[in-house]
Amino acid sequence: MEIVLKEKVKEAVKILYNSEVADDLIQIQETRKDFKGDFTLVVFPLLRYSKNTPEKTGETIGSYLVEKFPDIAGFNVIKGFLNLEISDVWWIEYFRRMTIEKSHLENSQVSDPETILVEYSSPNTNKPLHLGHIRNNLLGYSLFRILSACGHRVIKTNIVNDRGIHICKSMLAWQKFGNGETPASSGMKGDHLVGKYYVLFEKEYKAQIEKLIQAGTDENEAKNSAPLMKETREMLLKWEAGDKEVIDLWKKMNSWVYAGFDETYKKLGVDFDKIYYESDTYKTGKEIVLSALKKDILYRNEDSSIWADLTYDGLDQKLLLRSDGTAVYMTQDLGTAVARYNEYKFDKNIYVVGNEQNYHFQVLRAILNRMGYTWSDGLIHFSYGMVELPEGRMKSREGTIVDADDLIKEMQETAMEVSLELGKLSDFSEEEKEDVFRKIGLGALKYYILKVDPRKNMTFNPAESIDFNGNTGPFIQYTYARIKSVFRKAEQTGILTETGSLNEAKAGIKEIELIKLLRKYSETVSQAATDYSPALIANYCYDLSREYNQFYHDYSILGEDDTAVRNFRLVLSKVTSEILYEGMWLLGIEMPERM
RNA sequence: GGUUCCGUAGCUCAGUUGGAUAGAGCAACAGCCUUCUAAGCUGUGGGUCGUGAGUUCGAGUCUCACCGGAAUCACCA
């Protein structure tokens, strides 16, 4: 419609003022709600052709359009804005075509599908997942669904940080203080059990440092010479040398952690197509670095550490291999990137990683580019903001980490309380109830996180539980459940919904508003895909729910006597429910049929 | 200190390539269940869009300076 209007305006200016207008001077936008009309032409840019006041110009163009274009039912001019009113017939016909589309996302399909890797989650094997990971996982998974829905081939990957000195810490602590404790013997989830020993290590280590300092050792020396740290370093050496006992322990504890992670991932509803382990990719990284050194792309320092000089790119010197030849974080990431490209020949590799690593990814790209990997342009750091508490960052030392499993559990319990209080599910079995509570609790959590612009830092207040009213997941789920309820009732009374024939229907204001909003769905999804912003879809679903609830409140659907109008409202409800379901699905949020 | 990002109602957040009188929700207050689910709907109050300049017909949006906050600048990951 906008395109047609543009053409018409162009034609109008040509005939009325005898001038050719550049396309970008014709600005058509949706009319703001407080004004009468559907589309608005901003006339300011056209004044140079009309040589007249904004009001007069608007009037002239408006009259011309109404006369020549039957779909325009009327117009009004306010200041420099020409508001065009489109006939209800046009809107209804537009909507009718929507109902016979195969998919509501036909217009969102990209003309040139790409192979896209989305890396997300990236956990560390000595800590359970926390709120920050939840944001990461939800964003990554939603991005996968959105990009896939637009026609791309998307591969979900995860890179597990399973090697390095920090991993040895929890291993050592378990060995020394664990007394053979296992997830089975303790009843603890594997990742939490390992996390417990990591914390224990830090505690004991700290005590040893204190002791040494009191005995007169200086702080740095104490940190280095504490017995626990010495043993950890020995263990790392053994690990790198492939010592059987250490490797076995490592494997055993890893298996506990992975079982724990799997449980959390499952609860969150996310999964992966391919998991990479840093314990594998660091080797590839080393090889790449050494071969680049041979080509003089990198240089070797006196102490035989290897560096990249990125001052040309406005960056700094970056260490790639330590003087003892071991790998650093960057080495691993280089290896991972190359391994992935070799495996998938991706067009894009999207890293869902927090904005604290902006510099890291800048450097990663620069180095790969320097090494001659042309595909490095396809590496995209999807840099999302931190989740903060009202008092600032989560700190493990202060015990303010919000644990993922705890939070999910809490949300489900809250959902249960609210739901039982309302008492609408009394005829459900316990299993069915549990399923609904799960959907609602997780829906609330996921929506709460995804509705915020991913790039921005967000605040989470653990003291105030996440809401179930207003701009929330349950609100949208509720709207959906209501529509479903209408259709259940319709079925009982034998009322059918016919999508093909809407010609007889008359539409009220709310109905036209709904059609306008439904029309924006595919555009919103496209935008979300290009901007990497699930939040756009979340907020769209909210707007749509609000609009529908107003419609639902103001109009009777099944009680309407005029069958054509009743059918029209039913079809409108049906399409709304489909789009809400799909939109939320793109966010990874499930919709209960009743709640 | 360098670089990057952020600052919108008491709180949490929206605000398309610059467009009209800056919007929601929460919290507060006041209404609406004999009718399709009240997790809903309607209304009231609440703002110097961090501050100041500039660009322009027009700035929350673009530019610059300043104020405030965050991240980062490791032979940690």
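The values are calculated or read from the model by the stated rules, or taken from the named source; none is laboratory data. Note that the structure is a prediction, hence the values are computed from the model and not measured. So basically every Cβ, Gly included, is an ideal-geometry build from the backbone, and we count neighbours across all protein chains shown. Just so you know, the surface numbers come from the protein's heavy atoms only, side chains and all, with ligands and any DNA or RNA stripped out. Shrake-Rupley method; radii C 1.70, N 1.55, O 1.52, S 1.80 Å.
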Near A:LYS8, which aspartates and glutamates are there with a Cα under 13 Å away, not counting those fewer than 8 places off in the same chain?
-> A:GLU20, A:ASP23, A:GLU67, A:ASP71
Setting aside same-chain residues fewer than 8 positions from A:LYS68, which aspartates and glutamates have a Cα under 18 Å from its Cα?
-> A:GLU2, A:GLU7, A:GLU11, A:ASP38, A:GLU59, A:GLU85, A:ASP88
Heavy-atom surface of region A:389-538, accessible at 1.4 Å and reported per residue (Å²) = 52
Taking the Cα centre of region A:39-197 as origin, sum charge times position over the Cβ atoms of Lys and Arg (+1) and Asp and Glu (-1), and report the length of that vector in debye to the nearest 20.
-> 820
How large is the accessible surface per residue of region A:2-86, computed with a 1.4 Å probe and reported in Å² as a whole number?
-> 55
In whole Hz, what ³J(HN,Hα) sequence does region A:8-23 give by Karplus (6.51, -1.76, 1.60; θ = phi - 60°), x for Gly and Pro?
-> 5, 5, 4, 4, 4, 5, 5, 6, 6, 10, 6, 9, 8, 9, 5, 4
Share of chain A's accessible area from carbon and sulfur, percent, 1.4 Å?
-> 49
Over 23 Å (Cα to Cα) - which of A:LYS102/A:LYS267; A:LYS176/A:LYS251; A:LYS36/A:LYS510; A:LYS102/A:LYS451 fall in this group | A:LYS102/A:LYS267; A:LYS102/A:LYS451
Of the listed peptides A:385-396, A:193-204, A:400-411, what is their order by residue-averaged count of other C-beta atoms within 10 Å, with the highest listed first?
-> A:193-204, A:400-411, A:385-396
Selection from A:ASN349, A:PHE568, A:ASN469, by position along the positive dipole direction of chain A (Cβ) = A:ASN349
Estimated vicinal HN-Hα couplings, Hz - region A:450-458 in sequence order (Karplus 6.51, -1.76, 1.60; Gly, Pro = x) = 7, 6, 8, 3, x, 5, 8, 5, 10
Heavy-atom accessible area per residue of region A:550-595, all protein chains kept, 1.4 Å probe, expressed in Å², is 39
Relative packing of peptides A:53-63, A:460-470 - highest average C-beta neighbours within 10 Å first = A:53-63, A:460-470
Amide H of A:GLN27: which non-local residues (sequence gap of 5 or more, or other chain) have their own amide H closer than 5 Å, using H built in the peptide plane?
-> A:VAL42
Considering amide H positions built from the backbone, and no H for Pro or chain starts, which residues 5 or more places from A:LEU321, or on another chain, come under 5 Å of its amide H?
-> A:ILE306
What number, rounded to the nearest 500 deg cm²/dmol, is the helix-based mean residue ellipticity at 222 nm of chain A, given -39500 (n - 2.57) per DSSP H run of at least four residues and division by all its residues?
-> -18000 deg cm²/dmol
Shape call for region A:404-586 from the C-alpha gyration tensor, a ≥ b ≥ c root eigenvalues: rounded (a/c under 1.5), prolate (a/b greater than b/c) or oblate?
-> oblate
Rank-order A:557-568, A:517-528 by packing density, defined as the average count of other C-beta atoms within 10 Å over each peptide's residues, highest first.
-> A:517-528, A:557-568
Under 19 Å Cα to Cα from A:LYS274, which aspartates and glutamates show up? Leave out anything in the same chain fewer than 8 places away.
-> A:GLU114, A:GLU119, A:ASP162, A:ASP262, A:GLU263, A:ASP333, A:GLU343, A:ASP347
Step through the residues of region A:127-139 one at a time and calculate ³J(HN,Hα) from phi using the Karplus curve (6.51 cos²θ - 1.76 cosθ + 1.60, θ = phi - 60°), rounding each to whole Hz and writing x for Gly and Pro.
-> 9, x, 6, 10, 3, x, 5, 4, 4, 4, 4, 5, 5
Using only Cα atoms, what is the ratio of the radius of gyration of chain A to 2.2 N^0.38 Å?
-> 1.21
